[in-house]
Amino acid sequence: MSQKQFSNTDVPGDKPADPYKATNLTEPDLKEKVQDLVSFMESCKFGMMTTRIESSGLLTSRCMALAAKEGGGVDLLFHTNTESGKTDDLKNDPKINIAFLNSTGEWASVSGEAEIVTDREMVRKYYSPALKAWLGDLEDGKHDGGPEDPRIGVIKVKAVTATYAIATGTALGRGVDIVKGAITGAAPKVNKLREISEAELQQCE
């Protein structure tokens, strides 16, 4: 484990500095960890894609619809307009994060590297007629929002690491546990907090 670069206090040696993580982090077998992650991402459908702005170096996020998955379900594919700002960002720095969140507070964060794919075979494979609404028809016989429109590409995110938390039990039960935790000072066990390493994800290829 790498040494922490920031700390604001010393805690007793026999106590975890992050009780929530210590209580909720679970380590099931890799198959279950990956299956639960894939199922959660599918249920969300939309994720926030974070890239580094080419001109300023600042981070920016935008909502993206998950188009498809590859690599055992952990490599993520998104449609893109190749002429949009995010393709410039990714050309400059392919490191990327995709975050998913639902209304109950369950979440997932997938970090990796992105590739901008313009191969027409892949574009046709994952093309959706709904894309025409976003790209429009420029009425030049070429840029019509169809599968041959050269503006349509695919952002393929190769997952490197992932972290996610999915709820355990019922909402009522979790609420009771949180109240107990507030009274007793003991971190409630309300989530299945999981981390998937780069080495583990390489086994999914």
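The values are calculated or read from the model by the stated rules, or taken from the named source; none is laboratory data. These numbers were taken from a predicted model, which means no experiment stands behind them. As a convention, Cβ positions derive from the backbone with ideal geometry for all residues, glycine included, and neighbour counts pool all protein chains shown. To get the accessible areas, we keep the full protein, side chains included, count just its heavy atoms, and leave off ligands, DNA and RNA. Shrake-Rupley method; radii C 1.70, N 1.55, O 1.52, S 1.80 Å.
What the table shows:
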{"read-out": "Residue that is least open to solvent (accessible area, probe 1.4 Å) [pool: residues in the range 109-153 that are over 14 Å from His79 (Cβ atoms) and of a type in the set (A, V, I, L, M)]", "value": "Val110"}
{"read-out": "Those strands (runs of 3 or more DSSP E) lying entirely in the range 1-108 with at least 2 residues buried (at least 17 other Cβ atoms within 10 Å of the Cβ)", "value": "46-52, 75-81, 95-101"}
{"read-out": "All positions within the range 154-201 that are surrounded by fewer than 17 Cβ atoms within 10 Å (Cβ to Cβ), over 17 Å from Met41 (Cα atoms) and modelled with pLDDT of 90 or more", "value": "Ser197, Glu198, Ala199, Glu200"}
{"read-out": "Any hit, the range 140-152, residues being modelled with pLDDT of 95 or more and within 22 Å of Glu42 (Cα to Cα)", "value": "no"}
{"read-out": "In the range 22-59, the residues that are of a type in the set (Lys, Arg), under 16 Å from the mean Cα position of the chain (by Cα) and over 17 Å from Gly112 (Cβ atoms)", "value": "Lys45"}
